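The values are calculated or read from the model by the stated rules, or taken from the named source; none is laboratory data. Computed from a predicted structure; not experimentally measured. No Cβ is skipped: glycine too gets one built from the backbone with ideal geometry, and neighbour counts run over all protein chains shown.
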2 protein chains.
Amino acid sequence: MKKREQRPLLDELDRRIVGLLAADPELTNKALARRLGLAESTCAYRVRALRERGVVEGTTLRLDLAALGHPLQALIKVRLERHNAEHVNRLYASLVKTPGVIQVFHVAGADDFYLHVAVADAEALRDFVLLHVTVHRVVRQTETHLIFERREGVGVLPAPDPATD
Amino acid sequence: MKKREQRPLLDELDRRIVGLLAADPELTNKALARRLGLAESTCAYRVRALRERGVVEGTTLRLDLAALGHPLQALIKVRLERHNAEHVNRLYASLVKTPGVIQVFHVAGADDFYLHVAVADAEALRDFVLLHVTVHRVVRQTETHLIFERREGVGVLPAPDPATD
DNA sequence: CTTGAAATTGAAGCAGG
DNA sequence: CCTGCTTCAATTTCAAG
């Protein structure tokens, strides 16, 4: 089956918009337009189009997990017993809905999932694994790695040139 | 010695604000105020306070990495040769600035880092590992896991009750 | 800590190039 | 696909409870 691209590419202007918004998602449309030398209406039009095309999917609130009572983060590797779609999907759906789960990676290879979780303390971490992960009979084994720190990378976009005003 | 907390806790109102904003970071202050039954100025005041206290750290733009030309994601486990602070910190700083890196986890145990990266194709992935990871002499070995899919979890907050209007 | 009303600023809609 | 103009909506500020 041929992969159908709804739009071949982003043009240069789109890239600049995405770059600037990625660097500061809270930029007002007005400020963005000015930096790009566009009319505000044009800028708003392009941004809306980027959202409609799904290039910009939305925004996420970055929270201080420690301040919210979950200072302990961990990466939990989950290996399954069986790998049929039914089991995998049910577990997947269950995990993403479990409180404390920040993100779930479904990966290729012998290990099936990596869970990024945030919990209150060591006891909560133990309970998380026992009550929400290994409780699923399809889970063969888990391996928990304490996270010292997590940093965001630069992502896939080149840094936009700094504003001149 | 008594542990000094900079602020004891979030009150109930703070929690509701954070919950609603986490569910939809693009809520206008006006809509947020209305849902909470607050005056707009009060609501804006509380939100600003949450940001100043660092509870709300900011927002992140969610992008379609595939649409940006990086459809392939991977989780790369990095194990170091030596673990002194100097080496670890230099590598850490280098990794987060490498194009294609979405996030870096610094973890406890024998494996030191997990890199979440997004690249254009298999060749770019190989080049990434060779040119940006194993090029550092302190890196002993890496293990690359292809990511089938990544989902966001519910996080640490209970789902706010749906709007009634 | 909260409020309403005033003043400022930003967003959206639209007809035309 | 881009623009300026108009109209409308949201945010900020502030003196006061």
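Brief remarks follow.
- The test for being small (Gly, Ala, Ser) and touching a Leu at 6+ places or on another chain (Cβ under 8 Å) holds for A:Gly19.
- Pick from region B:26-45, criterion assigned to a loop (DSSP other than H, G, I, E, B) and of a type in the set (Gly, Ala, Ser), ranking: farthest from DNA strand D (Cβ to nearest atom): B:Gly37
- Filter result (free of Cβ contacts under 8 Å to residues at least 24 places away in the same chain and either surrounded by fewer than 17 Cβ atoms within 10 Å (Cβ to Cβ) or over 23 Å from the mean Cα position of the chain (by Cα) (or both)) within region B:104-126: B:Ala108, B:Gly109, B:Glu123, B:Arg126
- The residue that is nearest to DNA strand C (Cβ to nearest atom), among those in region A:14-33 that are more than 9 Å from chain B (Cβ to nearest Cβ) and of a type in the set (Val, Ile, Thr), is A:Thr28.
- Residue within region B:93-102 that is farther than 23 Å from A:Pro71 by Cα, within 17 Å of the chain's Cα centre (by Cα), away from DNA strand D (no atom under 16 Å from the Cβ) and surrounded by fewer than 16 Cβ atoms within 10 Å (Cβ to Cβ) present: yes
- Condition check for A:Leu131: within 12 Å of chain B (Cβ to nearest Cβ) and either modelled with pLDDT of 95 or more or within 30 Å of A:Ala23 (Cβ to Cβ) (or both): no
- Selection count, region A:93-126, where residues are more than 8 Å from chain B (Cβ to nearest Cβ) and in a loop (DSSP other than H, G, I, E, B): 4
- For B:Leu10, the criteria (1) more than 16 Å from DNA strand D (Cβ to nearest atom); (2) in contact with an Asp or Glu (Cβ under 9 Å, 6 or more places away or on another chain); (3) within 12 Å of chain A (Cβ to nearest Cβ); (4) not β-branched (Val, Ile, Thr) hold in every case but one, which is (2).
- Where B:Gly69 falls short, out of the listed (1) under 18 Å from the mean Cα position of the chain (by Cα); (2) at positive phi; (3) touching a residue at least 12 places away in the same chain (Cβ under 8 Å): (1)
- Apart from one condition, A:Arg79 fits all of (1) over 17 Å from the mean Cα position of the chain (by Cα); (2) of a type in the set (Lys, Arg); (3) under 25 Å from A:Glu152 (Cα atoms); the exception is (3).
- Taken over region A:34-70, the criterion of being at the interface with chain B (Cβ under 7 Å from one of its Cβ atoms) and within 16 Å of DNA strand C (Cβ to nearest atom) is satisfied by A:Val56, A:Gly58, A:Thr59, A:Ala67.
- Single residue of A:Val78, A:Val129 found to be in contact with a helix residue (DSSP H, G or I) (Cβ under 7 Å, 6 or more places away or on another chain), buried (at least 18 other Cβ atoms within 10 Å of the Cβ), not basic (Lys, Arg) and not in a loop (DSSP other than H, G, I, E, B): A:Val78
- The listed residues are A:Val55, A:Val96, and the only one of them that is touching a residue at least 12 places away in the same chain (Cβ under 8 Å) and of a type in the set (Val, Ile, Thr) turns out to be A:Val55.
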